[in-house]
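The structure under discussion appears below in the form of structure tokens.
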Amino acid sequence: MKQVSLEKPLQDIVVLDLSQFLSGPSASLKLADLGARVIKIEKPIEGDICRHLYNSNVVLNGVSSVFHAINRNKESLVLDLKQEDGKRKLTKLIQSADVLIHNFRPGVIDHLGFAYDVVRQINPRIVYGEISGYGKAGPWKDKPGQDLLVQAISGLTTLSGNDGMGPVAMGLPIVDILAGSHLVQGVLACLVRRAVTGLGGLVEVSMLESILEFQFESITTYFRDGGAPTIRTKQNNAHAYLGAPYGIYQTKDGFLALAMGSIVDLGYLLRCEPLKEYVTYESWFDKRDEIKAILAEHLQKESTQFWLSLLEPADYWCADVLDWERLFKTDAFQVLEMIQTVQMGDGFEYKTSRCPIQIDDRLLRSAIGSPKLGEHNASIEKEFGL
């Protein structure tokens, strides 16, 4: 039997992370969880702005909880890239690094002197990844690449919520996280190519392109149906392009999610006579508002568990709607072992999520928490002779 290494796949890869906020750091977090050594390059005094600013007022060990969640398992090196000494040290690090990533606005990295054309002269094997808001060209290139703003521009906010209630943003920084994931895909592809050719490469991702690609189903439909406007259902909307019953419905004591399925079958299973009249597949789309109205009224008559007891044995696609408190108590969640405890260098511990990937039947865990600003300056400078 072939012996499987217990090392993580990116164990010997060194990543220099010049990024801030969420998109770039979310990418370097994924690389770190896959085994890469991530050296987070931060500016003096305040470091990554996300240490003190973003979407959380929960403070852990003096720093924003968001920073802790997105920057665990990394080292922190403070360099002033506006000064010659900082530039010299980064240049020397680049000579030994495998990957460099940043998410500066177009032009900033050029001004600092570390654009791709410069970096690849220092190290032709390096994989260079960058995330922008809207790409490097065009009239929007200098707009701030902030998650909500890109959601608003991209058309995404017209898909959620009910008809007539206005645009609805997703309750997570979905654009940041998708852009980070796409950057990781490109970086890994270039690392594979480098193993064959010996040469690195440039990986470019924009937040706008990432969220546009995320909408590939709806955008494809839009062009196929002649550019018809997006129409959400009047109630219980969960997907602007899917027919009834797709949505979340209130029950007597909670909520019930219903995915795709036969309306006629649903009528029999729920003992709802009016639903049995919608016999054609087309009617589930053309008359989805009236079908959803019937469903919404009917489902409030009994509890969520009652309806699940009728639908689940028939393998009809449905689910209870849980909040975190209820979810975390379920056996289904606990068996995943998704929560891990990590520890910072000063001994401070906190709970957070683990990497969702398994390699060789092993969970990818790390007990290392987020770094204090400049925590690793001395050790890195000594190791690399900076």
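The values are calculated or read from the model by the stated rules, or taken from the named source; none is laboratory data. Keep in mind the model is a prediction, meaning the values are calculated, not measured. Glycine gets a Cβ as well: all are built from the backbone with ideal geometry, and neighbour counts include every protein chain shown.
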Which pairs turn up if I take residues in segment 128-140 that are within 22 Å of residue 16 (Cα to Cα) and look for partners that are of a type in the set (Ser, Thr, Tyr) with beta carbon separation below 8 Å, at least 6 apart in sequence or on another chain? 128/116; 130/116; 131/19; 131/23; 131/206; 132/206; 133/206; 135/206
In the set 107, 155, 200, which member is more than 19 Å from the chain's Cα centre (by Cα) and at positive phi? 107
State which residue is farthest from residue 66 (Cα to Cα) when the search covers only segment 312-354 and only residues that are in contact with a Leu (Cβ under 6 Å, 6 or more places away or on another chain) and among the hydrophobic types (A, V, I, L, M, F, W, C). 314
Of the listed residues (87, 74, 43), the one being in contact (Cβ under 8 Å) with a residue 40 or more places away in the chain, at negative phi and not hydrophobic (A, V, I, L, M, F, W, C) is 74
Can you tell me which residues in segment 32-71 are in contact with a strand residue (DSSP E or B) (Cβ under 8 Å, 6 or more places away or on another chain), part of a loop (DSSP other than H, G, I, E, B) and within 22 Å of residue 377 (Cβ to Cβ)? 36, 43, 44, 47, 48, 52, 61, 71
So residue 293 fits all but one of (1) within 30 Å of residue 52 (Cβ to Cβ); (2) without any contact (Cβ under 8 Å) to a residue 60 or more places away in the chain; (3) surrounded by 15 or more Cβ atoms within 10 Å (Cβ to Cβ); what number is the exception? (1)
Being of a type in the set (Gly, Ala, Ser) and either surrounded by fewer than 22 Cβ atoms within 10 Å (Cβ to Cβ) or touching a Gly at 6+ places or on another chain (Cβ under 7 Å) (or both) is the filter here; which residues of segment 65-111 pass it? 65, 69, 76, 86, 96, 107
Out of the residues in segment 218-247 that are among the hydrophobic types (A, V, I, L, M, F, W, C) and surrounded by 16 or more Cβ atoms within 10 Å (Cβ to Cβ), which is nearest to residue 156 (Cα to Cα)? 240
For segment 333-358, name all the residues that are within 21 Å of residue 36 (Cβ to Cβ) and either touching a strand residue (DSSP E or B) at 6+ places or on another chain (Cβ under 7 Å) or crowded, with 17+ Cβ neighbours inside 10 Å (or both). 340, 342, 343, 344, 352, 353, 354, 355
Considering each of 145, 129 in turn, give the residue that is assigned to a loop (DSSP other than H, G, I, E, B) and in contact with a strand residue (DSSP E or B) (Cβ under 8 Å, 6 or more places away or on another chain). 145
Mind checking which residues of segment 359-377 are more than 23 Å from the chain's Cα centre (by Cα) and farther than 16 Å from residue 38 by Cα? 360, 361
A careful count of residues in segment 355-378 that are without any contact (Cβ under 8 Å) to a residue 24 or more places away in the chain and either within 23 Å of residue 67 (Cα to Cα) or of a type in the set (Ser, Thr, Tyr) (or both) gives 2
Does residue 214 meet the test of being crowded, with 16+ Cβ neighbours inside 10 Å and out of contact with any Lys or Arg (no Cβ under 7 Å at 6 or more places or on another chain)? yes
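To keep it simple, each residue is scored yes or no on (1) assigned by TED's automatic domain parsing to the domain that holds residue 354; (2) over 21 Å from the mean Cα position of the chain (by Cα); (3) at pLDDT 95 or above; (4) outside any helix (DSSP H, G or I).
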{"position": "20", "(1), (2), (3), (4)": "yes, no, no, yes"}
{"position": "30", "(1), (2), (3), (4)": "yes, no, yes, no"}
{"position": "87", "(1), (2), (3), (4)": "yes, yes, yes, no"}
{"position": "101", "(1), (2), (3), (4)": "yes, no, yes, yes"}
Test residue 118 against the stated conditions and say whether it is in the same structural domain as residue 345 (by TED's automatic domain parsing), in a helix (DSSP H, G or I) and free of Cβ contacts under 8 Å to residues at least 12 places away in the same chain. yes
Determine, yes or no, whether residue 158 is out of contact with any strand residue (DSSP E or B) (no Cβ under 9 Å at 6 or more places or on another chain), at pLDDT 95 or above, over 18 Å from residue 25 (Cα atoms) and of a type in the set (Ser, Thr, Tyr). no
Scanning segment 103-115 for residues that are under 17 Å from residue 25 (Cα atoms), of a type outside the set (A, V, I, L, M, F, W, C) and either part of a helix (DSSP H, G or I) or at pLDDT 95 or above (or both) gives 103
Criterion first (of a type in the set (Val, Ile, Thr) and under 25 Å from residue 198 (Cα atoms)) does residue 78 satisfy it? no
